[in-house]
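Contents: one structure, followed by commentary.
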Amino acid sequence: VHQYTETGEYYVTLRIKDNVGSVTSTTHLITVRASTIPLVQLGNDTTVCEGNSLILSAGFPGASYLWNTGETTEQITITDPGNYSVMVSVNGTCTGADTISIAFSAPITALYTHSVLPGCAPIEVQFTDHSSTCSGNSIIQWDWDFGDGATSSIASPLHAYTIPATYTVTLTVTTVSGLTSVFTSSVVVTGIPINVSLGADTTFCESTFIRLNANITGATYLWSTGENTQSIVTNLPGKYWVRVLKNNCYSSDTIILSMQSALTPAFGYTFETLCLPVRVKFTDSSVSCVSVINTWQWDFGDGTFSTLHHPVHIYTSNGNYVVRLTITDIDGNSITKSRTVQITSSLFSVNIGKDTTICYGNLISLDAGNPGSTYLWNTGEASRTVNVSDPGKYWVRVAKSGCVATDTITIKNIFPVTPAFGYTINSKCLPVIVNFTDSSSVQCGGSISKWRWDFGDGNTSSLQHPVYTYTKSDTFNVKLTITAANGVMTSKTRRVYIENSLPLLNLGPDLIICKGTITQLDANIPDASYIWTPAGSLNNTTVRNPIASPLSTTLYTVEVTKCMRTLRDSILVRIDSLKRPVVVQDNSNMLRSSLAESYQWFKDEKLIPGATGRTYTAKSLGFYTVRIRNSLGCENVSLPFLYIPKGRNGVGLNGIRIHCSPNPTNGIINIVFESMPEKGVQLTIVDRYGKAVVKTVLMQQYNQLKLYTLSKGQYFFELKLDKEKVVIAVVIQ
């Protein structure tokens, strides 16, 4: 930075040198001229209508600017009241400044005065409207509530009160742009109340009398019958009037008396649904002057009937149905009333208009029609009408009496700069990634030059379509400010709710499993990180549902981390150990298992059908086992029990019987001794040619020989113990 103290032309040279000694330079001609101090004028202090904005311009295009808001553009947009100042620097040395005060006023203010006019009741009050609006707006609607149930839509109405009292009067005014304001004040009405009321027109039963009363004492009276008493009695139908004079104020009233028969049938009906099947509610309004109605007989005209007082009937097809109601009183008098009910299935539809284009800042009212329905707009509103200004597609769903209809309209804006954006929340679990999508537009051939996003948590971005990650749950006011190529700036703010739906960790109730079995644990929370302990009996400690194979009762604990929260829960897995059953044999051929819930017997590892009792009677030589089960389903199997049939079958050797089976055999043969000799038995297998092919010593009570290598044919098994020998012929097939 260098300061010149005189005007003129100066050659400025920059030389640079790198680390190997190379030097290069460049020269520019600088012209220094003197300038005058800029005179900045932001204008006089002003007031702006609420809801509008004001553009302040510092002037001097090409200069440098610094506003007290921190902005550095020639123009800024004001939306809040306060003092605003700017410093303008021309050529970097000449600086001017100015300040302006901006105030905001309400866009519309409701106000009225009133005066009570003298006279007898009814007492008249003149109301005068003094409501005001901002420039460029106008009031188009006045809604008066006079506090006595009466209303008016005249700007300055004259209203008559029939009773002196203090009334709360409310005026609501609405502008052409849809803004409203309310003003409420108390109005004190005094005067002489002369208000004669004979009551509403009425009907009385034949053969009875009715009394009419003017209800004002101390006055003079004149009835249409010529009588001059406060009340009269009559039993004739007709029109009756009375004129009352009191305190020099007159009042009159008229009543019509009608006579009805002793028993009058009447009923009405309402459609509870508009689409087939149509649900119709019938309401009896029959009356009896001198007795009591005790039975109702309905004929709905479609072959169905009812005796209810106020029945509900469902018609399944369109048509005209003659409905008849017969009423009977306790004296046995009856009478019938007929009405035709027309059933037509309704074509329920909604039309919110054709696609349209509106100017920026204007509102358009969308009306779904169909009074008395329920509404749901894609804006989230549930009213019959909505006012919209933003461009986009709007749809409404209308439901009434079981019928549903929808319609869609597309609204477009025309404005030099239209900010708009959308967002997609990818999850409800922190950290939450939100994709913001700019959909702003610039009309009239312009373009957008800058985007500035304020994510509502102190962080910003200048990307057009940023992706931002929120790390806490809250409602954030996200603001997008766009700048057009011509410098026009405008903003759009939307509320974004970041939800953190914390998962519920529940491993469930404690478990009981059989010893030697496995069970699968489940944290029941997907897509999280998991740490299970203890790790020794788990196949994996970092998955959602590991396999547990405990050898003893174990308490398993898991820590689940999701949505930036860590949860903990435990489950106790108990081991149910079922002891191995023991098989014993009594003096007969009956085998008995130790006690259990259920049993299944096997011979030579093959299931014995139907052998499901605690005992089993063995029928042949073999290894018998029993599988038992307890109430939890845990199982265990006994050790093989060798059963040797007793009897004279088999060959004897030194008094020990020998069983050799099967014979013939396919290569496997079992040699079983009824009791084991004290020393081994020598075995020699000789083929049919007298050649010894196998020699061995049998040391067990049960011996199984696998002779797959021998050729098919007959062999002789020579068994020798001490000096005694036996020979058994065996055929290998």
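The values are calculated or read from the model by the stated rules, or taken from the named source; none is laboratory data. Quick caveat: nothing in here was measured; it's all calculated off a predicted structure. Don't worry about glycine lacking a Cβ; one is built from the backbone with ideal geometry, like all the others, and counts go over all protein chains shown. Ligands, DNA and RNA are excluded from the accessible area calculation, which covers all protein heavy atoms including side chains. Shrake-Rupley method; radii C 1.70, N 1.55, O 1.52, S 1.80 Å.
Descriptive notes on the structure:
- Filter result for residue 566 (farther than 21 Å from residue 633 by Cβ, open to solvent by 70 Å² or more (accessible area, probe 1.4 Å) and modelled with pLDDT of 90 or more): yes
- Checking each residue in the stretch 51-86 for being touching a residue at least 24 places away in the same chain (Cβ under 8 Å), hydrophobic (A, V, I, L, M, F, W, C) and not in a loop (DSSP other than H, G, I, E, B) picks out 54, 56, 76, 78, 86.
- Listed by position, the strands (runs of 3 or more DSSP E) enclosed by the stretch 245-341 that each have at least 3 residues that are of a type outside the set (A, V, I, L, M, F, W, C) and out of contact with any helix residue (DSSP H, G or I) (no Cβ under 6 Å at 6 or more places or on another chain) are 249-260, 267-271, 278-284, 293-299, 319-329.
- Cross-chain or 6+ apart pairs with Cβ under 9 Å, the stretch 87-103 first and under 11 Å from residue 37 (Cα atoms) and open to solvent by 40 Å² or more (accessible area, probe 1.4 Å), then aliphatic (A, V, I, L, M) and modelled with pLDDT under 85: 95/37
- Members of the stretch 575-604 found to be among the charged types (D, E, K, R), on the phi < 0 side of the Ramachandran plot, open to solvent by 60 Å² or more (accessible area, probe 1.4 Å) and without any contact (Cβ under 8 Å) to a residue 40 or more places away in the chain, listed by number: 586, 592, 597
- Pairs, first under 16 Å from residue 494 (Cα atoms) and in a strand (DSSP E or B) in the stretch 450-463, second open to solvent by 60 Å² or more (accessible area, probe 1.4 Å) and of a type in the set (Val, Ile, Thr), C-beta under 8 Å, six or more apart: 452/460; 453/460; 454/460
- Evaluating residue 63 against the criteria (1) crowded, with 17+ Cβ neighbours inside 10 Å; (2) in contact with a Pro (Cβ under 9 Å, 6 or more places away or on another chain); (3) within 30 Å of residue 183 (Cβ to Cβ) leaves one unmet condition, (3).
- Checking each residue in the stretch 525-544 for being in a loop (DSSP other than H, G, I, E, B) and either open to solvent by 70 Å² or more (accessible area, probe 1.4 Å) or closer than 18 Å to residue 567 by Cα (or both) picks out 525, 526, 527, 528, 534, 536, 539, 541, 542, 543, 544.
- Filter result for residue 446 (closer than 25 Å to residue 51 by Cβ, in contact (Cβ under 8 Å) with a residue 60 or more places away in the chain and not in a strand (DSSP E or B)): no
- Neighbours by Cβ (under 6 Å, 6+ apart or cross-chain): first from the stretch 249-262, without any contact (Cβ under 8 Å) to a residue 40 or more places away in the chain and open to solvent by 40 Å² or more (accessible area, probe 1.4 Å); second part of a strand (DSSP E or B) and of a type in the set (Phe, Trp, Tyr): none
- The stretch 470-497, residues that are open to solvent by 60 Å² or more (accessible area, probe 1.4 Å), free of Cβ contacts under 8 Å to residues at least 40 places away in the same chain and either touching a Pro at 6+ places or on another chain (Cβ under 9 Å) or of a type in the set (Ser, Thr, Tyr) (or both): 493, 497
- Residue count for the stretch 117-142, restricted to those that are part of a strand (DSSP E or B), open to solvent by less than 60 Å² (accessible area, probe 1.4 Å), closer than 20 Å to residue 186 by Cβ and not polar (S, T, N, Q): 5
- Condition broken by residue 475, with the remaining ones in (1) modelled with pLDDT of 90 or more; (2) under 23 Å from residue 75 (Cα atoms) satisfied: (2)
- Boolean, residue 50 is open to solvent by 70 Å² or more (accessible area, probe 1.4 Å), touching a Pro at 6+ places or on another chain (Cβ under 7 Å) and not small (Gly, Ala, Ser): yes
This table checks each residue for (1) under 24 Å from residue 277 (Cα atoms); (2) touching a Phe, Trp or Tyr at 6+ places or on another chain (Cβ under 9 Å).
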position	(1), (2)
349	yes, no
353	no, no
363	no, no
377	no, yes
388	no, yes
396	no, yes
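- Contacts under 6 angstrom Cβ, first residue in the stretch 231-243 being free of Cβ contacts under 8 Å to residues at least 60 places away in the same chain, partner loosely packed, with under 13 Cβ neighbours inside 10 Å and part of a strand (DSSP E or B), 6 or more apart: 231/211; 233/211; 237/258; 241/254
- Residues of the stretch 200-219 that are loosely packed, with under 11 Cβ neighbours inside 10 Å and more than 23 Å from residue 264 (Cα to Cα): 217, 218.
- Of the residues in the stretch 387-396, at least one is in a strand (DSSP E or B), open to solvent by 30 Å² or more (accessible area, probe 1.4 Å), within 18 Å of residue 420 (Cβ to Cβ) and basic (Lys, Arg).
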